[in-house]
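Undergrad: Pasting in a structure now, in structure tokens, and then I'll have a few things to ask.
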Amino acid sequence: MTTGRFTDKVALVTGGSRGIGAAVAARLAAEGAAVAIGYRGNQAAADDLVARLRADGARAFAAQADVADPEQTKALVEAAVAEFGRLDVLASCAGIEHFGALENLTPADFDRVFAVNTRGQLFAVQHAAAHLPDGGRIVLTSSVSASRAVFGHTLYASSKAAVESMVLNLSAELGKRGITVNAIAPGGTATDMAAENAAHYQHPDLAGRLSMDEWLTSHGALGRLATPAEVAAGYAFLASGDAAYMTGRTLQLDGGFF
Ligand SMILES: NC(=O)c1ccc[n+]([C@@H]2O[C@H](COP(=O)([O-])OP(=O)(O)OC[C@H]3O[C@@H](n4cnc5c(N)ncnc54)[C@H](OP(=O)(O)O)[C@@H]3O)[C@@H](O)[C@H]2O)c1
């Protein structure tokens, strides 16, 4: 049995099957949390993670829930509470990327991206907050993209920028219960999402002329992608008692991206 900052705490991690969310689930479990892991479709990855966490002595389970459907998120929250008897932390990591030039954007693209990245996170907060005790913790996921201009990135970036305003405004409502609500804005992090999309971050006129290493060196103080574990450390901080006086803010965890 592990002990640490989350001993006797229960955390729900959406988007926990892969990438940043999987690292967050592992980090919280390593510090003592029982973790409920939500995923969209990749049951094999979620089951693998649950097996690894249980092998290390943690309490963990995974359940499918598409965060684009608030009713599925509600059922996920209720499953976590039914399994572990309480809920102390929501780490909302589920998200999808999108690149597309203005002339090609459709209302369906807008609805799909915002349904997951924006609406999905808001209703995850609503349903989690119904169960969180006083002093509970909520950590949402923005992106460095929310405050950077990148060609063809309007939908994704604005879906994440809304999340930064969301935590600011929700903090006022939840503060009277001592619940903090913050966001992490990760920079480029070595996950499936980055592998599929990183090349699009280059200006289209330069596409292919810079290697990923050259591009990272010219855009970030640390000159490399983050590991998911490095980003997960930020979620663990915001989810812990150490961040008791931080709320409504977005923590830029981007390796000095410029
Ligand atoms: N990687 C980066 O460079 C980076 C940078 C800034 C911000 N972010 C943000 O960080 C978060 C995690 O990104 P990542 O790189 O770890 O992504 P990833 O490797 O693509 O993993 C995405 C995770 O979200 C889940 N997911 C996607 N759509 C979902 C939906 N509709 N309902 C429920 N779960 C859903 C996936 O589940 P399945 O496994 O079942 O598909 C998976 O667990 C996202 O919010 C992303 O926007 C990432």
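Undergrad: Please state which of the following conditions Ala195 fails to meet, knowing it meets all the rest: (1) more than 15 Å from the ligand (Cβ to nearest atom); (2) free of Cβ contacts under 8 Å to residues at least 60 places away in the same chain; (3) under 22 Å from Ala22 (Cα atoms); (4) surrounded by fewer than 16 Cβ atoms within 10 Å (Cβ to Cβ).
TA: If we test Ala195 against (1) more than 15 Å from the ligand (Cβ to nearest atom); (2) free of Cβ contacts under 8 Å to residues at least 60 places away in the same chain; (3) under 22 Å from Ala22 (Cα atoms); (4) surrounded by fewer than 16 Cβ atoms within 10 Å (Cβ to Cβ), just (1) comes out false.
Undergrad: Could you check, for the range 46-66, whether at least one of its residues is at pLDDT 95 or above, within 15 Å of the ligand (Cβ to nearest atom) and closer than 23 Å to Glu164 by Cβ?
TA: no
Undergrad: Does Thr73 satisfy being surrounded by fewer than 24 Cβ atoms within 10 Å (Cβ to Cβ), among the hydroxyl-bearing types (Ser, Thr, Tyr), touching a residue at least 12 places away in the same chain (Cβ under 8 Å) and more than 7 Å from the ligand (Cβ to nearest atom)? Even if it seems obvious, please write down each step before you answer.
TA: Working: surrounded by fewer than 24 Cβ atoms within 10 Å (Cβ to Cβ): no; among the hydroxyl-bearing types (Ser, Thr, Tyr): yes; touching a residue at least 12 places away in the same chain (Cβ under 8 Å): yes; more than 7 Å from the ligand (Cβ to nearest atom): yes.
Answer is no for this residue.
Undergrad: Quick check, is Val167 closer than 22 Å to Ala244 by Cβ and either at pLDDT below 95 or part of a helix (DSSP H, G or I) (or both)?
TA: Numbers: closer than 22 Å to Ala244 by Cβ: yes; either at pLDDT below 95 or part of a helix (DSSP H, G or I) (or both): yes.
Judged against the criteria, Val167 is a match.
Undergrad: Residues of the range 14-45 being touching a Lys or Arg at 6+ places or on another chain (Cβ under 6 Å) and more than 13 Å from the ligand (Cβ to nearest atom), which ones?
TA: Correct list: Glu31, Ala33, Ala34.
Undergrad: Moving to a separate point now. For the range 170-178, indicate whether the set of residues that are among the hydroxyl-bearing types (Ser, Thr, Tyr), within 14 Å of the ligand (Cβ to nearest atom) and on the phi < 0 side of the Ramachandran plot is non-empty.
TA: So in the range 170-178, the residues among the hydroxyl-bearing types (Ser, Thr, Tyr) come out as 171.
So of that shortlist, the ones also within 14 Å of the ligand (Cβ to nearest atom) come out as none.
No, because not a single residue in the range 170-178 is among the hydroxyl-bearing types (Ser, Thr, Tyr), within 14 Å of the ligand (Cβ to nearest atom) and on the phi < 0 side of the Ramachandran plot.
Undergrad: Does His153 qualify as being under 25 Å from Asp8 (Cα atoms), of a type outside the set (Val, Ile, Thr) and buried (at least 18 other Cβ atoms within 10 Å of the Cβ)?
TA: For His153, the condition - under 25 Å from Asp8 (Cα atoms), of a type outside the set (Val, Ile, Thr) and buried (at least 18 other Cβ atoms within 10 Å of the Cβ) - is not met.
Undergrad: Could you say whether any residue in the range 203-222 is more than 30 Å from Ala244 (Cβ to Cβ), in contact (Cβ under 8 Å) with a residue 40 or more places away in the chain and crowded, with 17+ Cβ neighbours inside 10 Å?
TA: Start the filter on the range 203-222 by keeping residues that are more than 30 Å from Ala244 (Cβ to Cβ), which leaves 203-220.
The next check asks that each one be in contact (Cβ under 8 Å) with a residue 40 or more places away in the chain; those that pass are 203-204.
Checking the rest, the ones that are also crowded, with 17+ Cβ neighbours inside 10 Å come to none.
No.
Undergrad: Mind counting the residues in the range 114-150 that are more than 10 Å from the ligand (Cβ to nearest atom), aliphatic (A, V, I, L, M) and touching a Phe, Trp or Tyr at 6+ places or on another chain (Cβ under 9 Å)?
TA: The first filter runs over the range 114-150 and keeps only residues more than 10 Å from the ligand (Cβ to nearest atom), leaving 114, 118-119, 122-123, 125-139, 147-150.
With the extra rule that they be aliphatic (A, V, I, L, M), the set shrinks to 122, 125, 128-130, 132, 138-139, 149-150.
This time we only want the ones that are touching a Phe, Trp or Tyr at 6+ places or on another chain (Cβ under 9 Å), so: 139, 150.
Looking only at that region, the number is 2.
The values are calculated or read from the model by the stated rules, or taken from the named source; none is laboratory data. In this text, all values refer to a predicted model and were calculated from it rather than measured experimentally. Note: ideal-geometry Cβ built from the backbone for every residue, glycine included; neighbour counts use all protein chains shown.
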